[in-house]
Amino acid sequence: MDSRPLILAPRLQMIADMVAGTRIADVGTDHGYLPIYLLQQKRIDFAIASDIGREPLAHAVRSAEEYGIVQGIDFRLCAGLDAIAPQEVDTVVIAGMGGETIAQILDTAPWTREGTHTLLLQPMSKQPLLRRFLWERGYCITRERLVLDKGTIYPIIEARAGTMQEPTAAQCYGGILLTNDPLFGAYADELIRKLRRAAAGRAQAKDTQTAPEDFAAIADALENMKGEWENADCKRDRANSF
């Protein structure tokens, strides 16, 4: 057993910084680092660390022992939120999965959109699908952050039960509340490059069928969002110069 402090990678550290509750569920906990860190820092009182795999969950147990956390974490082998009751937690963290998987987990736990729980979601892929799912299913995105970790920019979405205005296709890709984030320019640039490549590939394939998404139009809209971000950034720089 070791009582040394756990140091998180930037992606997990950003999620930890966004935790405001005191009782969390860390779904797909893997190594268990997030609840271990939050308990070490006395930021939470209790955590459920769940995983669908026996070995990752066993690894999380070993990590807790290694870092001197012997109380405060309940380890559960289950898919998604299947073995977690709404009254047990105030915050649900689902990180390091694809957006489609996160949506499926939330869809099988309707209590996440019926109460006062805070959701912290970090999709590794299919972010547009997840943002649209949240709007369609009665969640409200309340905060978004970007974090750079090992050369990749990751979005983190905070959501709660509620309603919000239907997001545009560009917002589903580039975020609803990210245009004040210092990393938004680089994040938008990467999205625009991918969308332009997809549009070019579709044109080269002579795809004449009605496309579900107009990649070129979404890229154009993201260019406009980036321009607004740049103008706002210039205004902040000028204000800070006085």
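Only the coordinates and a few stated rules stand behind these numbers; no lab work does. Note that the structure is predicted; figures quoted are calculated from it, not measured. When we count neighbours, we look across all protein chains shown, and the Cβ atoms used for this are built from the backbone with ideal geometry, even at glycine.
The table below gives the values:
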| item | result |
| --- | --- |
| Loop trypsin sites (Lys or Arg not before Pro), the range 90-163, which have at most 12 other Cβ atoms in a 10 Å radius of their Cβ (DSSP) | Lys150 |
| Between helix 54-66 and the chain: long-axis angle, C-alpha atoms, 0 to 90°, nearest 10 | 60 degrees |
| 222 nm mean residue ellipticity, helices alone, for the chain (DSSP H n ≥ 4; -39,500 (n - 2.57); rounded to 500) | -13500 deg cm²/dmol |
| Shape parameters for the range 20-84, alpha-carbon atoms, Rg then Dmax in Å | 10.6, 29 |
| Selection from Val89, His117, Trp135 lying farthest towards where the dipole of the range 10-163 points positive, charges on Cβ | Trp135 |
| The chain: projected area of the alpha-carbon convex hull, averaged over directions, in nm² | 15.6 nm² |
| Global geometry of the range 85-125, whether rounded, prolate or oblate, following the gyration tensor of its Cα atoms and the 1.5 cut on a/c | prolate |
| Loop-located trypsin sites (Lys or Arg not before Pro) in the range 12-98, at most 11 other Cβ atoms within 10 Å (DSSP) | Lys42 |
| Residue-count net charge about Val92 - beta-carbon cut-off 14 Å; Lys, Arg +1, Asp, Glu -1 | -3 |
| Between helix 215-240 and the chain: long-axis angle, C-alpha atoms, 0 to 90°, nearest 10 | 70 degrees |
